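Down below is the structure, laid out as structure tokens.
The values are calculated or read from the model by the stated rules, or taken from the named source; none is laboratory data. Source: prediction; values computed, not measured. Because the Cβ atoms are built from the backbone with ideal geometry, glycine has one as well, and the counts that use them run over all protein chains shown.
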Amino acid sequence: MSSTNLHDSTERPLYGERLIEESKIICFDNPNNKRIYEVSIDLPEFTCKCPFSGYPDFAKLNIFYQPNMKVYELKSLKLYINNFRDIKISHEEVVNRIMDDLVNSCSPHWIHLHAEFNPRGNVSMKLDIVSGQKKN
């Protein structure tokens, strides 16, 4: 009888890594597109890498938006955001890229992306980007 090492039989890349690599933002029909309402999504474990040092950067992302015809599917958003964890990219570039993808995928009436990067070397950064006109 041979012993099988679980680690040896695990498919590579791991299923979670495959899901993240294949991720894209998915939207579904707004259940009430006749009403203006605001949605808040918190993503407290965002990571990417510094393009100069390769050190990890950590941030909390907050998305506030007013849906138009579509709303964001949360699991797809989580996987999409996790895809940045190994990418070397500046804070400014990553926040702008995320905002472009959010706007292009779902076309909300209004969206505000707030990114608060953890301090590194005694320096922290906050970025805010807004697209569209907030409706009352």
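Quick check on the stretch 19-44: of everything there that is within 21 Å of N104 (Cβ to Cβ) and among the aliphatic types (A, V, I, L, M), which residue is surrounded by the fewest Cβ atoms within 10 Å (Cβ to Cβ)?
Applying the filter and picking the extreme gives V39.
For the stretch 74-96, does any single residue satisfy the condition of being of a type in the set (D, E, K, R), free of Cβ contacts under 8 Å to residues at least 60 places away in the same chain and under 23 Å from N32 (Cβ atoms)? For the stretch 74-96, residues of a type in the set (D, E, K, R), free of Cβ contacts under 8 Å to residues at least 60 places away in the same chain and under 23 Å from N32 (Cβ atoms): present.
The residue of the stretch 50-73 that is surrounded by the most Cβ atoms within 10 Å (Cβ to Cβ), among those that are in contact with a Phe, Trp or Tyr (Cβ under 9 Å, 6 or more places away or on another chain) and in contact (Cβ under 8 Å) with a residue 60 or more places away in the chain, is D57.
When only residues in the stretch 102-136 that are of a type in the set (K, R) and not in a strand (DSSP E or B) count, which is surrounded by the fewest Cβ atoms within 10 Å (Cβ to Cβ)?
If we filter the stretch 102-136 for residues that are of a type in the set (K, R), which is where we start, we get 120, 126, 134-135.
Now narrow it down to the ones that are not in a strand (DSSP E or B): 134-135.
Working: K134: 14, K135: 11.
The residue in question is K135.
Kindly indicate the residue of the stretch 82-101 that is of a type in the set (D, E) and modelled with pLDDT of 95 or more and also surrounded by the most Cβ atoms within 10 Å (Cβ to Cβ) among those meeting that condition. Only one residue tops the list, namely D101.
Filtering the stretch 117-136 to residues that are of a type in the set (G, A, S) and within 14 Å of S107 (Cα to Cα) leaves S131, G132. K78 fulfils the conditions (1) closer than 18 Å to C27 by Cβ; (2) touching a Ser or Thr at 6+ places or on another chain (Cβ under 7 Å); (3) of a type in the set (K, R) except for a single criterion, (2). Look at the stretch 1-28: where a residue is hydroxyl-bearing (S, T, Y) and a partner is modelled with pLDDT of 85 or more and not in a strand (DSSP E or B), sitting 6+ places away or on another chain with Cβ atoms under 7 Å, you get S23/S76; S23/L79; S23/Y80; S23/N83.
Here T47 fulfils each of the conditions (1) surrounded by fewer than 17 Cβ atoms within 10 Å (Cβ to Cβ); (2) of a type in the set (S, T, N, Q); (3) modelled with pLDDT of 95 or more; (4) within 25 Å of G132 (Cα to Cα) apart from (4).
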